[in-house]
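The values are calculated or read from the model by the stated rules, or taken from the named source; none is laboratory data. What you see is a predicted model; the values in this text were computed from it and never measured. We place every Cβ from the backbone using ideal geometry, glycine too, and count neighbours over all the protein chains shown. For accessibility, only protein heavy atoms count, side chains too; no ligands or nucleic acids. Shrake-Rupley method; radii C 1.70, N 1.55, O 1.52, S 1.80 Å.
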Amino acid sequence: QAFLAPKIKKEMEKAVELDPNYAEARAALTQLYVMLPGIMGGSIEKAKGQAEALTKLDAYRGFVAYASIYDHEEDWKAAEEYYKKAIATEPQKATAHHQLGYMYLKQKRTQEAVEQFKKMVEYDPDNANSYDSLGDGLLADNKLDEAIDAYKKAVSIDSNFAPSVSSLAKCYEKKNLKQDAK
């Protein structure tokens with residue numbers, strides 16, 4: 001879908017130009033600048049510029065934007081600092097807990113990841129993704145029975161939540177419960 005990227009970038013930049021206070025456009029543009037290769041207009045510096053402007057409009061979203069930039073660059077210390085700033089700003093929002101948890105998983109810091117995912121469940125208990133993330137952390141920590149419970153809870157909230165259905169099958173397979181896995 002590379003042919004769409006320049007059009008999307010152009011439209012997002014136009015949205016920010018027309019309304020510099022449009023936080024949603026700035027957040028999306030930040031992500032786009034991080035994802036696109038330089039030849040297509042991607043730029044970490046441009047992403048940081050958008051994150052800085054976003055922080056002035058919405059501190060929580062700005063901190064999450066900075067954290068995701070540093071996470072992408074694998075600057076774990078800076079990413080963790082910004083995720084924690086976001087959490088301190090608005091502790092009951094799940095996004096920073098979610099992203100910090102997965103950053104911890106990348107670093108094999110499973111206990112810390114599970115703690116973040118438990119907070120997601122606490123703050124967003126009606127969201128299948130909260131339990132799916134908790135299941136991912138527990139699975140990474142090799143706590144299969146607890147992971148199965150978390151994935152089952154996610155599927156009970158949304159029976160079509162494919163990540164949990166797939167992960168549940170993987171857990172059953174690891175436990176050599178092939179019939180349940182099917």
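Observations, loosely collected:
- Entries in Lys84/Lys119; Lys48/Lys84; Lys48/Lys119; Lys7/Lys106; Lys10/Lys77 that, when Cα-Cα distance is taken, lie over 21 Å: Lys48/Lys119; Lys7/Lys106; Lys10/Lys77
- Pairs spanning more than 27 Å between alpha-carbon atoms, out of Lys108/Lys153; Lys9/Lys118; Lys108/Lys152; Lys14/Lys85: Lys9/Lys118; Lys14/Lys85.
- Electrostatic bookkeeping for Asp19 treats Lys and Arg as +1 and Asp and Glu as -1; over the other residues with beta carbon under 15 Å from its beta carbon, the sum is -2.
- By the Stokes-Einstein formula, at 0.692 mPa s and 37 °C, the chain with its Kirkwood radius over alpha-carbon pairs has D equal to 186 µm²/s.
- Across all directions, the average flat footprint of the convex hull enclosing the Cα atoms of the stretch 51-131 is 4.9 nm².
- Relative contact order of the stretch 29-182, defined on C-alpha pairs under 8 angstrom at six or more residues apart (%): 11
- For Pro163, neighbours were defined as the other residues whose beta-carbon sits under 9 Å from its Cβ, and their charges (Lys and Arg +1, Asp and Glu -1) total -2.
- Global form of the stretch 1-99, assessed from the alpha-carbon gyration tensor, a/c cut-off 1.5: oblate
- Heavy-atom surface analysis with a 1.4 Å probe gives the stretch 12-77 a carbon and sulfur content of 53 percent of its accessible area.
- MRE, 222 nm, helices only [DSSP H, n ≥ 4, -39500 (n - 2.57), over the chain, to nearest 500]: -24000 deg cm²/dmol
- Pairwise Cα distances in the stretch 4-47 exceed 16 Å in 27 percent of cases.
- For the stretch 127-174, projected area of the alpha-carbon convex hull averaged over all directions, nm²: 2.5
- Per residue solvent-accessible surface (Å²) - the chain, probe of 1.4 Å: 56
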